[in-house]
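Below is one structure, written out as structure tokens; comments come after it.
The values are calculated or read from the model by the stated rules, or taken from the named source; none is laboratory data. Everything numeric in this text was worked out from a predicted model, so none of it was measured. Cβ sites come from the backbone with ideal geometry, for glycine too, and all protein chains shown count toward neighbours. For the accessible areas, the whole protein counts, side chains as well, though only heavy atoms, and no ligand, DNA or RNA atoms are used. Shrake-Rupley method; radii C 1.70, N 1.55, O 1.52, S 1.80 Å.
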Amino acid sequence: MTGVDVTMSAGPLHSVVVPVFNEADGIAAFHERCAAALTAIGNRYEIIYVDDGSRDTSWARLLAIRDGDTNVRLMRLSRNFGHQIAVSAGIEHAGGDTVTVLDADLQDPPEVIAQMVDAWREGADIVYGVRTARRGETWFKRGTAKLFYRTMRNLADVDMPVDVGDFRLLSRRATDSLVSMPEHHRYVRGMVAWLGYDSTSVAYARDSRFAGESKYHLVKMVRFALDGILSFSLRPLRIATWVGLLASIAAFAIAIVLIVLRLFGDVPVQGWTSLAVLVLLSSGVQLMTIGMLGEYIGRIWTEVRGRPLYLVRDLQGFSRDDAARRLHTRARRLGPDEDIERRG
Ligand code: UDP
Ligand code: MG
């Protein structure tokens, strides 16, 4: 059913945002399945592909897909900005009454969107996809993911749902709220949890990748996890304070013991090992804490520069209305005061 223009029929519009980074091998199959799943819902839809600076033939393939289907909109970022920014860019350009984020690798089945839309019709603003099973992922990835979601839940200041990825549906209201959050270190799933509103979830089994390989290798995963924790919690800072306090108390107690031993006991010259261990330990803890402080300061610095989140190199398939909407979105990002200034 791809290629059928359903924009003329009435009813809600469903936007699907798909971040694409080097997915040339699987993108055509993805589109076919996604378009079929959306057509089955029976409302209008648009699929917004965000090419996140792919270095393979993804963009050419996307253009071909666009030629065969008027429900497709294409965005090409000026370089690779990363998954979370690509998702944000797509959401900002989506005009639907619902906006769903879906990865291009068919790990998250597009057919689940129909269930999400049902939940939205029943009044939910946010519908999370919850992974009940992860097929084709190593025990290491499953294990670290599990550990990460649990840690996050304990550390974060907002109520973070567990085992929830970026596959989720947002209502128009939730989308607008998300777009109004200007932060640069975007941990989108945490930001969505912060929104509040009524949320519900749809369970699904996560498949293995259809083609290509995961772009999240270990280092990237650690950085992602750090981003999540540091953007959503000040608790590491507090932990540092507590560790420092405990260390000081321990040092004080040990000092008293040593002084007593020195005065009343018979202590020959020894204890180099314990000294060395203590010095190493305390300087280690200090450096780590400074590093952590640095992480927060670095984040302040990126926010303060206030650069745009991403740059767009090419837009295809967006209409005049879409352009007006984007302007509107940008005005909203600037905040109500600036908006009035611009108009006046
Ligand atoms: N992706 C992206 N920019 C990046 C890395 C990934 O837009 O820098 C896209 C990728 O094409 C895919 C989605 O984000 O559609 C999720 O990436 P991936 O499947 O590699 O992550 P995983 O599912 O392994 O966590
Ligand atoms: Mg994937």
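Three principal axis extents describe the C-alpha atoms of the range 161-262; from largest down they are 70, 34, 27 Å.
How would you classify the range 77-138 from its alpha-carbon gyration tensor, with a ≥ b ≥ c the square roots of the eigenvalues: rounded for a/c under 1.5, else prolate if a/b is greater than b/c, otherwise oblate? The shape class here is oblate. Peptide packing for 116-122, 278-284, 11-17 was compared via the average number of neighbouring C-beta atoms within 10 Å per residue; ordered from the highest value, the list is 11-17, 116-122, 278-284. The distance linking the range 246-310 with the range 29-93 is 50 Å (Cα centroid to Cα centroid, whole angstrom).
Leaving out ligands, DNA and RNA but keeping every protein chain, what accessible area does Arg73 have, in Å² rounded to the nearest 10, with a 1.4 Å probe? Accessible area, nearest 10 Å²: 30 Å². Site pair Asp207 and Arg262 shows an inter-label distance of 7.1 nm when each label is modelled 7 Å from Cα along Cα→Cβ. Relative to the globular-protein estimate of 2.2 N^0.38 Å, the Cα radius of gyration of the range 33-145 stands at 1.16.
On the accessible surface of the range 59-207, probed at 1.4 Å, how many percent belong to carbon and sulfur atoms? Numbers along the way, then the final one.
Details: 2880 of 5650 Å².
The C+S portion of the solvent-accessible surface of the range 59-207 is 51 percent.
Taking all protein chains as shown and a probe of 1.4 angstrom, Asp56 keeps an accessible surface of around 60 Å².
Using a 1.4 angstrom probe on the protein heavy atoms only, could you order Asp314, Asp105 from most to least accessible area?
From most accessible down to least: Asp314, Asp105.
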